[in-house]
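Participant: Submitted below is the structure of interest, expressed as structure tokens.
Since every read-out is calculated from the coordinates, none of them should be taken as a lab result. Being a predicted model, the structure only gives us computed values, none of them experimental.
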Amino acid sequence: MKLVYRNENNILVNHAKNLLENAGIEVLLKNEYVSTGSHPHFVFLELWIVNDLDEDKALGELSSLQSNEASEEWLCPDCGESNDASFEICWNCKHERNAQGE
Ligand SMILES: [Zn+2]
């Protein structure tokens, strides 16, 4: 068992899980509860591979996901907050992403 991906955004983690399953890799999801001052029940989702031998293949699949994540962040036209690429609405004001006229 090896941890290959970890994110507080469960959409991204589930996307990563789908990528690996489609590649024929057996995976497990785990939750990790993190206590911080401002987010007392902040949850990180962890994606584990069952077979260590799948690690290189898994990381290859995930590398594309992580580069997309970094490049497709969008700014809310309404409140100016930056939003993760996987968010369809602004986390801050619920403005719809498509409303900015893509
Ligand atoms: Zn906004």
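Participant: Give the cross-link partners of LYS2 among the aspartates and glutamates, using a straight C-alpha distance below 14 Å as the criterion and excluding same-chain residues fewer than 8 apart.
Facilitator: Correct list for LYS2: GLU26, GLU46, ASP52, ASP54, GLU55, ASP56.
Participant: If the cut-off is a Cα-Cα distance under 12 Å, which aspartates and glutamates reach LYS94, setting aside same-chain residues fewer than 8 apart in sequence?
Facilitator: Of all the aspartates and glutamates, those that pass the test against LYS94 - Cα under 12 Å, at least 8 places apart if same chain - are ASP78, GLU81.
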